[in-house]
């Protein structure tokens, strides 16, 4: 693989995030619950478990759409910020390779990309594989 091909792959990942930032499935896990009802419907709690001989059951709770929307709105800013961090790290990495910066600089930028808490592992792995196949970096850890 040529260096310009590796750069094209890295830039394609950044461009993909720019054109379709909602391509990832973000999940939220809630531990514990507090249920408050002021009448009406909108909350469903169903007992689950309790197989024959069981001494315990749990419950499954779901809320109507407005609750889900509130969660998304509260998280939207951080999700957009995280997506931008990934795009910036990918573009910085591609620019360093285009400018023929040292292997140490490229490795540092690749490590920065991989340290991002929100990055799907595949993005870092593809960037590392492309740079290795283009013989830009060696012994990637």
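The values are calculated or read from the model by the stated rules, or taken from the named source; none is laboratory data. In this text, all values refer to a predicted model and were calculated from it rather than measured experimentally. All Cβ positions, glycine included, derive from the backbone under ideal geometry; neighbour counts span all protein chains shown.
Just one of the listed residues (134, 96) is surrounded by 14 or more Cβ atoms within 10 Å (Cβ to Cβ) and at pLDDT 95 or above, and it is 96. Put simply, of 80, 89, 127 the only residue that is closer than 20 Å to residue 15 by Cβ and loosely packed, with under 12 Cβ neighbours inside 10 Å is 80.
In segment 102-127, how many residues are free of Cβ contacts under 8 Å to residues at least 40 places away in the same chain and in a helix (DSSP H, G or I)? Of the residues in segment 102-127, 17 are free of Cβ contacts under 8 Å to residues at least 40 places away in the same chain and in a helix (DSSP H, G or I).
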